[in-house]
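Accompanying notes for the structure given below.
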């Protein structure tokens, strides 16, 4: 018997998660009012930049930063969004990197790798380093077939 | 260095390398030759033996007339020759052929340090038998070799593979398939051929000698079968023109004009 | 989702080395799609290497339903026994009915060894593949008997039915950026081959002979008789603003470089005009020129098979005609 793990692969863009390709993934609930979430959204053909939305929190549940489609939407902890060639990096107030997103371009497609070490409001590590990218722990939807639907 | 060379007798495709006219001792009406690339393998084996010492054994699987190929190989300098023949062997695809050849090589004493054969044959052209023998004999393989250098206990070989020039080290024993570029083929000394045909002995092995069962060889031991043969159908119904050279040239020029490659008058479009 | 049933479909080995010249995997995926549709099953592509993300995405874009992926440092360079150690257990576990690979240098030494390990049948350099929907048999057409005939081969009792196909035989489908496929990462137990070590690998210096792009191709065959006669083709080609190609016996005799070889184990060309001189028309050669818009053939023998595919056939001696053709063309410039 040969066992296997399974994922989905999109022809034009994927993220590298748990050492596997996926068109998109989400941890937590982006439509919640508080608490940790991380959304790497599924892209439509023609879009070559990944869409990251996240709420980073501390162990008490206080919001440190909110990103909506790569842009800072709330910034209580004084983070900075540093632009990189084909990506971006979020630094905290002491210039420590919290999150880095970089996209590799192939002739006919794109692959996004993420560097991050993110905890939820219970102090549990939900996203951590694995190989060239990240692994996801705890409850998550590891395959998004279509772009996430936000409430208004 | 003991070397086994696998050769195949194939229908003759006239080649500038071999002058069949001189082979007056060959009796059969159907022209057959040693597969050209196997001849290169044989030459390489003889060169290696002459430099390193050892023995060259030539093996072939085929109908009884394949013995002629072995005698040629012996006349060229091979030390021993083995003919694998028998009614059960016929109709074999490469799976069955490689099985028989591997069985024969396994019986060689001493087991060869190196097994050589041409990359492919001019008749079936599959290039399968080498790799399939290597698999059965559990030997490392390198295919398409065009250079061989002998080191202490391994070989350094070169070959072209998908646009890359590769240099590889292969430990012995190993199987290599060889290409044209490996060496230029020597001419067959006429006198030696006469001797080869009258005096030297060819060993013949059949099913029992190889300790194989009928269902492992020949048509029964094959996984593929030829379902049907056909001549490629005519694809275009064009004009066929015979005549004087000038007429032929005129037709050619007119075709170029039809295609607008030439102007109707002078020069090009 | 019945994955185990899906995996019994049509497999294609992903050979992506030398990718920009080598489109054979994509061509085979198109053919596999055709076969799988007729058999009501799936197309599965294998992507092995140290990083295969790009290929997995490309294969899905070209019509693959499922990618079987394995990443491992020992898979970085193409090595026959190492690859057999990974692929053979997958085949035994998942049981595809058909398994195809491009007849690249690697494919031609990897697939036979794999077929032997699996104890199944393999046909080489197929020029056509069809499937009998009643029996599930893959009809594998290869040139036989030195290229003068076509042989249709079947593998009645052994599985998978394996075949290699030369680049240029099939046509790839357009890249579809909207495609999404499944990707499976099976357990991998790599047994690296230690008895063969790749010491050095250098890209071959190829001269810029763009045969595939030339509007006119002049092909010389064995009937020209000598290297000098073959070389006079270059002047003819130049007058026609074309390139020179050659058949296997010409290459075998060393009259010109291998890059000019046309046919089953060489290049496939589709020029506006192809002039075939002194070649009898063996199938191994003609598969490389079938797509030419116009074919003019010159041969001494009116029965030569090349005339079956010529729009204009001239029965005459190439060596007599060549200088006359060249002179006639020179006059027209």
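The rows are residues; the columns are (1) in contact (Cβ under 8 Å) with a residue 24 or more places away in the chain; (2) surrounded by fewer than 18 Cβ atoms within 10 Å (Cβ to Cβ).
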{"position": "C:225", "(1), (2)": "yes, yes"}
{"position": "C:289", "(1), (2)": "yes, no"}
{"position": "C:293", "(1), (2)": "no, yes"}
{"position": "C:297", "(1), (2)": "no, no"}
{"position": "C:306", "(1), (2)": "yes, no"}
{"position": "C:314", "(1), (2)": "no, no"}
{"position": "C:319", "(1), (2)": "yes, yes"}
{"position": "C:322", "(1), (2)": "yes, no"}
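Of B:70, B:95, B:48, all but one fail to be assigned to a helix (DSSP H, G or I), out of contact with any helix residue (DSSP H, G or I) (no Cβ under 7 Å at 6 or more places or on another chain), crowded, with 23+ Cβ neighbours inside 10 Å and touching a residue at least 40 places away in the same chain (Cβ under 8 Å); the exception is B:70. For residue C:224, indicate whether it is under 25 Å from residue C:107 (Cα atoms) and away from chain B (no Cβ under 11 Å). When the stated conditions are applied, residue C:224 does not pass them. Within region C:164-197, the set of residues being facing chain B (nearest Cβ under 10 Å) and surrounded by 15 or more Cβ atoms within 10 Å (Cβ to Cβ) comprises C:164, C:193, C:195, C:196, C:197. I'm trying to understand the selection: among the residues of region C:17-34, which are surrounded by fewer than 21 Cβ atoms within 10 Å (Cβ to Cβ) and either in contact with a strand residue (DSSP E or B) (Cβ under 9 Å, 6 or more places away or on another chain) or part of a loop (DSSP other than H, G, I, E, B) (or both)? Once the filter is applied, which keeps residues that are surrounded by fewer than 21 Cβ atoms within 10 Å (Cβ to Cβ) and either in contact with a strand residue (DSSP E or B) (Cβ under 9 Å, 6 or more places away or on another chain) or part of a loop (DSSP other than H, G, I, E, B) (or both), region C:17-34 yields C:17, C:18, C:19, C:20, C:21, C:22, C:23, C:33, C:34. For region A:2-44, the set of residues classified as farther than 19 Å from residue C:3 by Cβ, loosely packed, with under 15 Cβ neighbours inside 10 Å and at the interface with another protein chain (Cβ under 10 Å from one of its Cβ atoms) consists of A:44 only.
Taken together, B:130, B:118, B:163 contain a single residue that is in contact with a strand residue (DSSP E or B) (Cβ under 7 Å, 6 or more places away or on another chain), at pLDDT below 95, surrounded by 23 or more Cβ atoms within 10 Å (Cβ to Cβ) and within 14 Å of chain C (Cβ to nearest Cβ), which is B:118. Counting only strands (runs of 3 or more DSSP E) wholly contained in region C:167-243, the ones carrying 1 or more residues that are at pLDDT 90 or above and within 30 Å of residue C:319 (Cα to Cα) occupy C:216-220. Within this structure, residue C:278 passes the test of being closer than 23 Å to residue B:246 by Cβ and in contact (Cβ under 8 Å) with a residue 24 or more places away in the chain. Within region B:214-235, being facing chain C (nearest Cβ under 7 Å) and at pLDDT 80 or above holds for B:223, B:224, B:225, B:226, B:227, B:228, B:229. Screening residue B:136 with (1) touching a strand residue (DSSP E or B) at 6+ places or on another chain (Cβ under 7 Å); (2) farther than 25 Å from residue C:202 by Cβ gives one miss only, at (1). When C:133, C:104 are screened for being in contact with a helix residue (DSSP H, G or I) (Cβ under 7 Å, 6 or more places away or on another chain) and surrounded by fewer than 19 Cβ atoms within 10 Å (Cβ to Cβ), only C:133 passes.
Has region B:75-85 got any residue that is touching a strand residue (DSSP E or B) at 6+ places or on another chain (Cβ under 6 Å) and in a helix (DSSP H, G or I)?
no
Just one residue in the set C:314, C:262 is modelled with pLDDT of 85 or more and within 11 Å of chain B (Cβ to nearest Cβ); that residue is C:314. Regarding region B:64-77, can at least one residue be identified that is within 11 Å of another protein chain (Cβ to nearest Cβ) and within 16 Å of the chain's Cα centre (by Cα)? Scanning region B:64-77, I find no residue that is within 11 Å of another protein chain (Cβ to nearest Cβ) and within 16 Å of the chain's Cα centre (by Cα), so the answer is no. Scanning region C:37-71 for residues that are out of contact with any strand residue (DSSP E or B) (no Cβ under 8 Å at 6 or more places or on another chain) and touching a residue at least 40 places away in the same chain (Cβ under 8 Å) yields one hit, C:62.
Residues in region C:2-16 that are touching a strand residue (DSSP E or B) at 6+ places or on another chain (Cβ under 8 Å) and either part of a loop (DSSP other than H, G, I, E, B) or crowded, with 23+ Cβ neighbours inside 10 Å (or both): how many?
Counting residues in region C:2-16 that are touching a strand residue (DSSP E or B) at 6+ places or on another chain (Cβ under 8 Å) and either part of a loop (DSSP other than H, G, I, E, B) or crowded, with 23+ Cβ neighbours inside 10 Å (or both) gives 9.
The values are calculated or read from the model by the stated rules, or taken from the named source; none is laboratory data. It should be emphasised that the depicted structure is a prediction, and the values quoted were computed from it without experimental measurement. So basically every Cβ, Gly included, is an ideal-geometry build from the backbone, and we count neighbours across all protein chains shown.
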